[in-house]
Amino acid sequence: MAASDLQDGIAVITLDQPPVNSMGHALRARIVQQLDAAQADPAVRGIVLAGSDKAFSAGADFTEFGTPRQLQEPILRTVLERVETCPKPVVAAIDGVALGGGLELALACHARVAQAGARVGLPEITLGLIPGSGGTQRLPRLIGLAAAHALMASGQPRTAQQLQDSGLFDRMVDDGAVAAAAALAAQLAKAGPPFPRARDRMLDAAPVHAFVDGQRARLDARQKLQPAHAALLDALAASALPFDHGLQRERELFLALLPTTAARALRYQFQAERASAKLPAELQAAPRAVRCVAVIGAGTMGSGIAIAALDAGLRVLLLEQDGSALERGLERVAAHYRGRVTAGKLPAKVAAAHEARLSATLDWARLAEADLVIEAVFEDLSVKQAVFGRIDAHARPGAVLATNTSYLDVDAIAAATARPQDVVGLHFFSPANVMKLVEVVRGARTTPEVLATAMAVAAVLEKRPVLTGNAFGFIGNRIYNAYRRQCEFMLEDGVWPEQVDDALTGFGFAMGPFAVADLSGLDIAWRMRKSQAATRDPRERYVDILDQLCEQGRLGRKTGAGYYAYPGGKQTRTSDATVREIIERASARCGIVRRALPPAEIQRRALLAMVNEAALLVAEGVAARASDVDVVLVQGYGFPRWEGGPVFWARQQDRAELDSDLQRLAEAAGHGAVRADLGPLLCD
Ligand code: T1G
């Protein structure tokens, strides 16, 4: 709630709605009540709005969105109007975060004082919305259109420090924002009305329209798929109007976005990510403390994991079995930090502090220093088992032992130790210091305490952890394999790689499956397929196009040809007659009469394959929650966030059509195809 106390004629109204002062109806009503009381109290000369050191306010309470409470007076705009029209000066004291409606509340104040470490932003675009309480109208008037657009279009918070010269804040302090705000309120009271208001500044129409038209032309393909980006520009164009007209236009645009699939999907994703970070009730336990992480294997993955741990403030011991490999790994880490400093993304002293916490060794005995050991060596079971045998011999009792395997059996790896209860999978995605997703793989003997430690470390690394059972492919690769297999079926059925890729990027994927395969290299899948050939059921439909490409040395971009040709080693891919011949021969061998598939059908078949596999994963208990699958696909596989994920997408479809389409896909796949029961997946 909002409590108020009077200090030397200045009423300090403190927003107190843990954990982040999200402004639901109760808090909004309390703020208005406290404002009215301060306004009526003759002893009050000025007013300060403050929050906690964690949050001034995280904005509107989006759990109220789509419910009557969201539109129950006082709505947020009413609160802001009461602040802006208050006959006594109102100053915001910003510490922690001021996001969305939280920043909009501060913008409606007559002045703003920020604590240097505070983070402010208008992240509405990440929720498929635009600011709905004046942000698109007040912010450009305070910091200029271009700076305001940059903040809103990125949706990313900035530190107050980064905005100190923007004109957003009247004061910036290292500490004591409330006292500084009280002093400023007293100053404004002494000077008397009218008090400064963002709304009283006008913007010239011509430069506003020129800027907006320029930005509209720059919207990229994926932004054009998201209605909020165009709506934001429409709202900014309205900032050239008289303030109240612009405010009205913003409101219309905001309300039109609220019910969109994209807005619902993005809110769903926000909450799904928080849910996935929590272990199921029966597995909850206290995590072990982790201060030192040993990473075994200084290759691309190992050095990426080491960087992620260094960035999180942990001590890192990088261990290799080969001196030159260790040197290369250290250079990879050093080059990373040099690049960040050169690009101005990291102060040199911070980079130096990170690197100071890195040590490297060939001495296995030093593993005894680690609280967590992460193995990131070659993806081969016997190699990993040998490494875990040595880890077991040197790691201290109670250390958590993690394998970064992307699909091998975690139990078979754990069996190489005398402490399988301490073994867990931590499947990072490359580059490990960039990709947010970590699959936390639970072995048969993994204890809840070890799982809790893995989830806690993932949070420290600012990752998005998702618990998964120890089944082949875990969650992400299992789903991705089903998706790619369906896309290979479509090649045989009648389309070319570029038609599949274009249809899926047209849906919003960052890249299509064949472009991804060429980028990552076809030989990875080829090696896996050859290892499974002996046990593959000959009755099952198997598409050997990839095998044939690899047999011709077409391993993807790195060999200048894969599903596409890359003439002159260029990045741009071109379709290739050789590939088409291979595909046509494959169709002929299957007796398939090729037919063109429209993009919508390509998209639907690919998505249905994901949905079916998601349902199987939930039914098998590999995924603890249906929404966990969506977090994995969005965070690790380029699934468009504004579509929510395959499960969210399925929940928007007609159930009967889903079932009949899945039946058709299962029949086309032939022997071995399993059509899942979507029931458990589709109930929210
Ligand atoms: N509404 C409701 N609940 C919220 C919330 C919000 N705005 N923000 C956070 N929570 C919940 C969250 O679900 C979790 O709940 C708990 O608080 C702790 O969050 C009108 C329309 C503030 C940086 O987009 O970015 O204003 O899981 O785990 O890591 O124009 O929360 O514990 O039950 O994330 O310390 C715009 C979203 C809203 C900010 C804190 N605001 N929040 O991070 O904790 S729309 C946002 C965040 C709007 C106006 C528009 C982060 C955080 P539970 P957490 P954290």
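The set of residues in the stretch 242-260 being touching a residue at least 12 places away in the same chain (Cβ under 8 Å), out of contact with any helix residue (DSSP H, G or I) (no Cβ under 6 Å at 6 or more places or on another chain) and in a helix (DSSP H, G or I) consists of Arg251, Phe254, Leu255, Ala256. Which residue, of Ala189, Ala210, is at pLDDT 95 or above and more than 17 Å from Ala92 (Cα to Cα)? So the residue among Ala189, Ala210 that is at pLDDT 95 or above and more than 17 Å from Ala92 (Cα to Cα) is Ala210.
Once the stretch 81-92 is narrowed to residues that are aliphatic (A, V, I, L, M) and closer than 19 Å to Ala40 by Cα, the residue that is nearest to the ligand (Cβ to nearest atom) is Val83.
Residues are listed down the side, and each one gets a yes or a no for (1) within 16 Å of the ligand (Cβ to nearest atom); (2) buried (at least 19 other Cβ atoms within 10 Å of the Cβ); (3) over 21 Å from Pro227 (Cα atoms); (4) not acidic (Asp, Glu):
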site: Ala60; (1), (2), (3), (4): yes, yes, no, yes
site: Val79; (1), (2), (3), (4): yes, yes, yes, yes
site: Ile94; (1), (2), (3), (4): yes, yes, yes, yes
site: Leu107; (1), (2), (3), (4): yes, yes, yes, yes
site: Ala111; (1), (2), (3), (4): no, yes, yes, yes
site: Leu127; (1), (2), (3), (4): yes, yes, no, yes
site: Gly132; (1), (2), (3), (4): yes, yes, no, yes
site: Gly135; (1), (2), (3), (4): yes, yes, no, yes
site: Ala146; (1), (2), (3), (4): no, no, no, yes
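Take the conditions (1) part of a helix (DSSP H, G or I); (2) surrounded by fewer than 17 Cβ atoms within 10 Å (Cβ to Cβ); (3) modelled with pLDDT of 95 or more; Glu282 misses just one of them, which is (3). Does the stretch 154-161 contain at least one residue that is loosely packed, with under 14 Cβ neighbours inside 10 Å, among the charged types (D, E, K, R), in contact with a strand residue (DSSP E or B) (Cβ under 8 Å, 6 or more places away or on another chain) and under 25 Å from Thr14 (Cβ atoms)? No - not one qualifying residue is present in the stretch 154-161.
Yes/no per residue for (1) of a type in the set (Asp, Glu); (2) assigned to a strand (DSSP E or B); (3) more than 18 Å from Gln635 (Cα to Cα); (4) more than 22 Å from the chain's Cα centre (by Cα):
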residue	(1), (2), (3), (4)
Leu408	no, no, yes, yes
Ala418	no, no, yes, yes
His427	no, yes, no, no
Ala432	no, no, no, no
Leu467	no, yes, no, no
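Restricting the stretch 256-285 to residues that are of a type in the set (A, V, I, L, M) and within 12 Å of the ligand (Cβ to nearest atom), the residue that is nearest to Thr446 (Cα to Cα) is Ala277.
One line per residue, one yes/no per condition, for (1) charged (D, E, K, R); (2) out of contact with any strand residue (DSSP E or B) (no Cβ under 9 Å at 6 or more places or on another chain); (3) within 15 Å of Gly297 (Cβ to Cβ); (4) surrounded by fewer than 24 Cβ atoms within 10 Å (Cβ to Cβ):
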residue: Asp380; (1), (2), (3), (4): yes, yes, yes, yes
residue: Ala386; (1), (2), (3), (4): no, yes, yes, yes
residue: Asp392; (1), (2), (3), (4): yes, no, no, yes
residue: Pro397; (1), (2), (3), (4): no, yes, no, yes
residue: Val410; (1), (2), (3), (4): no, no, no, no
residue: Thr417; (1), (2), (3), (4): no, no, no, yes
residue: Gln421; (1), (2), (3), (4): no, yes, no, yes
residue: Ala432; (1), (2), (3), (4): no, no, yes, no
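Condition test on Glu282, is it acidic (Asp, Glu), more than 30 Å from Ile130 (Cα to Cα) and out of contact with any Pro (no Cβ under 6 Å at 6 or more places or on another chain)? Against the criterion (acidic (Asp, Glu), more than 30 Å from Ile130 (Cα to Cα) and out of contact with any Pro (no Cβ under 6 Å at 6 or more places or on another chain)), Glu282 qualifies. Here the condition is being in a helix (DSSP H, G or I) and either on the phi < 0 side of the Ramachandran plot or surrounded by fewer than 14 Cβ atoms within 10 Å (Cβ to Cβ) (or both); of Arg288, Arg264, it holds for Arg264 alone.
The values are calculated or read from the model by the stated rules, or taken from the named source; none is laboratory data. This structure is a prediction, so every number in the text was calculated from the model and none was measured. Virtual Cβ from ideal backbone geometry, glycine too; neighbours counted across all protein chains shown.
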